[in-house]
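Colleague: Pasting a structure here, questions to come.
The values are calculated or read from the model by the stated rules, or taken from the named source; none is laboratory data. On a predicted model such as this, the values are computed, not experimentally measured, just so you know. Using ideal geometry, Cβ is built from the backbone for each residue, glycine included, and neighbour counts are taken over all protein chains shown. Side chains included, ligands, DNA and RNA excluded: accessible areas come from the protein's heavy atoms. Shrake-Rupley method; radii C 1.70, N 1.55, O 1.52, S 1.80 Å.
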Amino acid sequence: MTATLLTIDLDALARNFRFLRDTAGVEAAPAVKADGYGLGALAVSRRLLAEGARTFYVARLAEGEALRAALGAGPVIQVLDGATAGSVARLLEADLTPVINSLEQAARWRAEGRDRPLTLHVDTGMNRLGVTLAEARGLAGREPVERVISHLACGAQPEHPMNGRQLAVFREARELFPAARAGLASSGGIFLGPDYAFDQVRPGVSLFGGGPRDVADERIAPVATLEAPILQVRDVPAGDTVGYGGAFQATAPTRVAILAAGYADGILRGSHPAGAVWFEGAIRPMLGRVSMDLIAVDVTGCIAARPGAMVEIIGPNRLVDEAAAAAGTTAYELLTRLSSRAERRYRGD
Ligand SMILES: *Cc1c(COP(=O)(O)O)cnc(C)c1O
């Protein structure tokens, strides 16, 4: 019995980590939120710890607690949501560092956090999370700020003028906290040049195989491979349709393979009509709509198309950025939608 299989290559993850760290030339602190971009935060973080990572970023408190339990004492775990109401006791209990996003959070941490150091997120123009530069001035010299971070809105677009504007604001912010370590760049920012590196970078998607510019990049190793077995092969005559809504109609006799994978496995419905898979040495189009449990692909002329044969849906021959683009989205969304239904295997453990 062959199962739908998600293979996570931890050696490729480690190569990406080293490449990103060496490109930046400073500490690389992995972003492992959303269950490590869908690939299993605990497994990937254990490997990254073994590769030398000492600081990890998660979004939610519960993600931080699970990571602390898996990694044990030692590594710094930063919670991007910050010191939200009711969270301080749990942050302290699990020895998590809140990334303080507002004056309200700063006051809460001061009141309940017993002078423990904090990371300050300064908004430099993205207008998502963070204190303003003016608010940061008010905190300077008064708070035990150990790290100061900000986040780029357009780091994946090197030519975008917003990068330079955010960099200028961030330089002002970091001067307010001369003793703090500073970090601005995520995957995209690492490739904007040394001005953007500061003391620490926070790569996420490019650790996990996504290009830093939202397109496939040959310097980044594929990490996730999603394969599904063929369940059935059928010959569809010209004029017949395939799947729900009859959304694909054969214009010629077509050999169709039905695969044991669908949107419940993370194959986005938006993959219709541009989606494709890799089989027998070539890209083969998906046919018709993605169902919950099944997709159909064109295997006309393939001699190996028979029940049980494995088809690559994402992997070294169908890069996550390409599969995402065909579905009208990014590697970020595609990876984080990979579900727990497919059997998971870690390679290089
Ligand atoms: C998600 C996130 C990152 C990682 O971003 P990538 O683009 O995936 O490299 C870094 N910093 C912050 C604040 C984030 O939210």
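Colleague: Starting from region 299-310, take each residue that is in contact (Cβ under 8 Å) with a residue 12 or more places away in the chain and list its partners that are among the acidic types (Asp, Glu), counting only C-beta distances under 8 angstrom and pairs at least six apart or across chains.
Modeller: Cβ pairs passing all conditions: Val299/Glu280; Cys302/Glu280; Ile303/Glu280; Ala304/Glu280; Ala305/Glu280; Met310/Glu227.
Colleague: Consider Gly211 carefully, then state whether it is under 30 Å from Met310 (Cα atoms) and either part of a helix (DSSP H, G or I) or within 14 Å of the ligand (Cβ to nearest atom) (or both). First the steps, then the outcome.
Modeller: Working: under 30 Å from Met310 (Cα atoms): yes; either part of a helix (DSSP H, G or I) or within 14 Å of the ligand (Cβ to nearest atom) (or both): yes.
For Gly211, the condition - under 30 Å from Met310 (Cα atoms) and either part of a helix (DSSP H, G or I) or within 14 Å of the ligand (Cβ to nearest atom) (or both) - is met.
Colleague: Which ones in region 26-41 are more than 10 Å from the ligand (Cβ to nearest atom) and part of a loop (DSSP other than H, G, I, E, B)? Before you say what the answer is, go through the steps one by one.
Modeller: Pass one, region 26-41, residues more than 10 Å from the ligand (Cβ to nearest atom): 26-28, 35-36, 38-41.
Val26, Gly38, Leu39, Gly40, listed by residue number.
Colleague: Additional query: I need the full set of residues from region 214-235 which are among the small types (Gly, Ala, Ser) and either more than 16 Å from the ligand (Cβ to nearest atom) or buried (at least 23 other Cβ atoms within 10 Å of the Cβ) (or both), in order please.
Modeller: Of region 214-235, the ones among the small types (Gly, Ala, Ser) are 216, 221, 224, 228.
Answer for region 214-235, where residues must be among the small types (Gly, Ala, Ser) and either more than 16 Å from the ligand (Cβ to nearest atom) or buried (at least 23 other Cβ atoms within 10 Å of the Cβ) (or both): Ala224, Ala228.
Colleague: For region 96-111, enumerate the residues that are touching a helix residue (DSSP H, G or I) at 6+ places or on another chain (Cβ under 9 Å) and exposed (fewer than 15 other Cβ atoms within 10 Å of the Cβ).
Modeller: Leu103, Ala111
Colleague: OK, next. Within region 1-51, take every residue that is of a type in the set (Ser, Thr, Tyr) and over 30 Å from Gly308 (Cα atoms) and give me the one that is farthest from the chain's Cα centre (by Cα).
Modeller: Residue satisfying both the conditions and the ranking: Thr23.
Colleague: Something else: Sort out which residues of region 323-347 are buried (at least 17 other Cβ atoms within 10 Å of the Cβ) and farther than 26 Å from Ser45 by Cβ, and write them in order of number.
Modeller: Hits for region 323-347 are Ala325, Ala326, Ala327.
Colleague: When the residues of region 290-316 are filtered to those that are assigned to a loop (DSSP other than H, G, I, E, B) and touching a Pro at 6+ places or on another chain (Cβ under 9 Å), which remaining residue is farthest from Val242 (Cα to Cα)? Walk me through how you get there before you give the answer.
Modeller: Let us first name the residues in region 290-316 that are assigned to a loop (DSSP other than H, G, I, E, B), namely 290-294, 299-309, 316.
Narrowing the set further to residues that are touching a Pro at 6+ places or on another chain (Cβ under 9 Å) leaves 300, 307-309, 316.
Values: Thr300: 14, Pro307: 18, Gly308: 21, Ala309: 21, Pro316: 28 Å.
Selected residue: Pro316.
Colleague: Tally up the residues in region 194-208 that are within 13 Å of the ligand (Cβ to nearest atom), out of contact with any Pro (no Cβ under 7 Å at 6 or more places or on another chain) and not in a loop (DSSP other than H, G, I, E, B), please.
Modeller: Residues that pass the stated criteria total 5.
Colleague: Still on this structure, please answer the following. Consider Leu167 against the criteria (1) assigned to a helix (DSSP H, G or I); (2) within 11 Å of the ligand (Cβ to nearest atom); (3) hydrophobic (A, V, I, L, M, F, W, C): it satisfies all of them except one. Which criterion is unmet?
Modeller: Against the list (1) assigned to a helix (DSSP H, G or I); (2) within 11 Å of the ligand (Cβ to nearest atom); (3) hydrophobic (A, V, I, L, M, F, W, C), Leu167 comes up short only on (2).
Colleague: Which condition from (1) open to solvent by less than 20 Å² (accessible area, probe 1.4 Å); (2) more than 23 Å from Val205 (Cα to Cα); (3) touching a helix residue (DSSP H, G or I) at 6+ places or on another chain (Cβ under 6 Å) is the one that Leu184 breaks?
Modeller: (2)
Colleague: May I ask you to list the residues in region 218-238 that are in contact (Cβ under 8 Å) with a residue 12 or more places away in the chain and farther than 23 Å from Ala304 by Cα? So that I can check it myself, show each step before the final result.
Modeller: The initial filter retains those residues of region 218-238 that are in contact (Cβ under 8 Å) with a residue 12 or more places away in the chain, namely 219-238.
Result: Arg219, Ile220, Ala221, Pro222, Val223, Ala224.
Colleague: Restricting to region 60-74, what's the tally of residues that are open to solvent by 20 Å² or more (accessible area, probe 1.4 Å) and within 16 Å of the ligand (Cβ to nearest atom)?
Modeller: Count: 3.
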